[in-house]
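We did not get these values from a lab; they are worked out from the coordinates using the rules stated. This one's a predicted model, so the numbers in the text were calculated from it and none came from an experiment. Positions of Cβ are backbone-derived with ideal geometry, glycine not excepted, and every protein chain shown enters the neighbour counts.
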Amino acid sequence: MGKVVVSIVMGSDSDLPVMQEAANMLEQFNVGYELDIVSAHRTPEKLFEFSANAHKRGIQVIIAGAGGAAHLPGMIASMSPLPVIGVPVKSSNSIDGWDSVLSILQMPGGVPVATVALNGAKNAGILAAQIVSTACEETREEIIAYKQGLAEQVMEKSKRVQSQRV
């Protein structure tokens with residue numbers, strides 16, 4: 001895996017099982033990443049430092065997962081020049097995940113956060129790799145191969161279903 005160019009952060013270690021899916025996808029595409037906990041509510045100083053300086057450390061994309069009120073992705077986006085991908089996480093104190101989805105999705109004009117589905121960290125990892133691939137041909141080739149693999153899987157399933165017709 002190459003230089004760290006994606007930062008995956010989450011509000012709590014309870015988010016790690018969901019956010020690990022983003023890390024797994026980045027590993028599959030050979031994209032270097034870091035993983036950390038940055039709480040918007042419990043460690044605001046760390047949040048400010050991280051958000052203001054990630055780009056200075058060579059980070060190109062930030063994936064931020066949060067549950068409940070889910071302020072982390074939006075707060076990072078408000079302070080960072082980097083693209084931020086928000087992952088709403090269904091947490092134990094969540095209202096079926098909708099509070100997280102809406103907190104990340106409904107950002108004001110001028111502070112965009114790309115938002116994936118509830119617990120959709122896998123897609124966040126893929127999207128981060130696609131963003132990185134705009135400047136890295138090797139990553140682009142990995143993504144092309146991945147998508148070809150998806151198509152091949154569908155075609156195999158299609159053949160199986162068609163062969164079972166009565």
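Nearest 10 degrees, 0 to 90: what angle lies between the long axis of helix 16-28 and the longest principal axis of the chain (Cα atoms)? For helix 16-28, the angle is close to 60 degrees. Taking the Cα centre of the chain as reference, the dipole from Cβ charges on Lys and Arg (+1) and Asp and Glu (-1) amounts to some 400 debye. Using only Cα atoms, find the angle between the long axis of helix 121-133 and the longest principal axis of the chain, and express it within 0 to 90 degrees, rounded to the nearest 10. Tilt relative to the chain: about 90 degrees. Note on K90: lysines with a C-alpha under 16 Å away, same-chain residues under 8 apart excluded, are K122. Over the chain, DSSP H runs of length four or greater, each weighted -39,500 (n - 2.57), average out per residue to a 222 nm ellipticity of -15000 deg cm²/dmol.
Given a cut-off of 22 Å, what percent of all Cα-Cα pairs of the chain lie beyond it? The calculated P(r) of the chain puts 43 percent of pairs beyond 22 Å. Computed on the chain, with alpha-carbon pairs under 8 angstrom and 6+ residues apart, the relative contact order is 23 percent.
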